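Here is the structure we will look at.
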Amino acid sequence: METIYVGLFQAGVLNYLEKLKEWFGVNMADRISPAMLSLIFDIGKINPIILRKSHGKEIAEFFLKKADEIESNMATLSDKRYCISVEYKLALVKNPKDADITLSSGPQGKLSGTIIEVPKDPSLTHPFRRIDCINQVKERIEKEITFNSHDFQVITHKEKIKGNSRFHYCYKAFGNNSYSPELVDFIVNKINANPKYLFDARAWYKQNTPKNKKNT
């Protein structure tokens, strides 16, 4: 039953957190890791025929009726406060290791593949806060190079880090950002490969942020 109810449960959790913050000014992100409030589950497709054979006609009909009710409400309301759907996106990447799903050439050259749904825990894939990233970078670059919170902000803007799932994850219920170890590697490689990288990035940021555009 988790395959049809989990979206309702997750929406309920997020709605509770949102109203708790709105009505009482309590932000649970200050007390509990956001990842602890994300439901991790093994979701799969339910085959009605197998369901009927395994559990009987009555249970199969009950399951299908409830699934249809939720799907119908989602289509009517179009509101994520009712139900959170789990979505997987396909993207073309140069390195197959970066992909969640891979497709291979089947018999007679036809494209075939098996979709394996693997929910990812952001507390594992994106475990770093801003300060963690800054400290990690400082440990891996020359001591003579200054790297601080402003430089981190410069790079996230210049390189369009926000919204890039490889580097960045946002807990929307709290507005908190977390970052992956790959982002630290990316920044360190940029700085070590080009001694002028930070200087050029700061100059770019000064010219391209809205505040500075108003002053020019």
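May I ask you to list the residues in the range 155-166 that are touching a residue at least 40 places away in the same chain (Cβ under 8 Å) and buried (at least 20 other Cβ atoms within 10 Å of the Cβ)?
Start the filter on the range 155-166 by keeping residues that are touching a residue at least 40 places away in the same chain (Cβ under 8 Å), which leaves 155, 157-158, 166.
Selection gives Ile155 alone.
Out of everything in the range 52-68 that is of a type in the set (A, V, I, L, M, F, W, C) and either farther than 21 Å from Val6 by Cα or touching a Pro at 6+ places or on another chain (Cβ under 7 Å) (or both), what residue ends up being surrounded by the fewest Cβ atoms within 10 Å (Cβ to Cβ)? If you could, list the steps in order and put the result at the bottom.
Narrowing the range 52-68 to residues of a type in the set (A, V, I, L, M, F, W, C): 59-60, 62-64, 67.
With the extra rule that they be either farther than 21 Å from Val6 by Cα or touching a Pro at 6+ places or on another chain (Cβ under 7 Å) (or both), the set shrinks to 60, 64.
Values: Ala60: 18, Leu64: 15.
Filtering first and then ranking leaves Leu64.
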Which is of a type in the set (Phe, Trp, Tyr), more than 30 Å from Asn15 (Cα to Cα) and either touching a residue at least 24 places away in the same chain (Cβ under 8 Å) or surrounded by 14 or more Cβ atoms within 10 Å (Cβ to Cβ) (or both), of Tyr179, Tyr197, Tyr169?
Tyr197
Quick check on my filter: what residues within the range 20-58 are part of a helix (DSSP H, G or I), at pLDDT 70 or above and over 27 Å from Leu124 (Cα atoms)?
Glu22, Trp23, Phe24, Ile49, Ile50, Leu51, Arg52, Lys53, Ser54, His55, Lys57, Glu58
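The values are calculated or read from the model by the stated rules, or taken from the named source; none is laboratory data. Quick caveat: nothing in here was measured; it's all calculated off a predicted structure. Here Cβ is always computed from backbone atoms with ideal geometry, including for glycine, and neighbour counts include all displayed protein chains.
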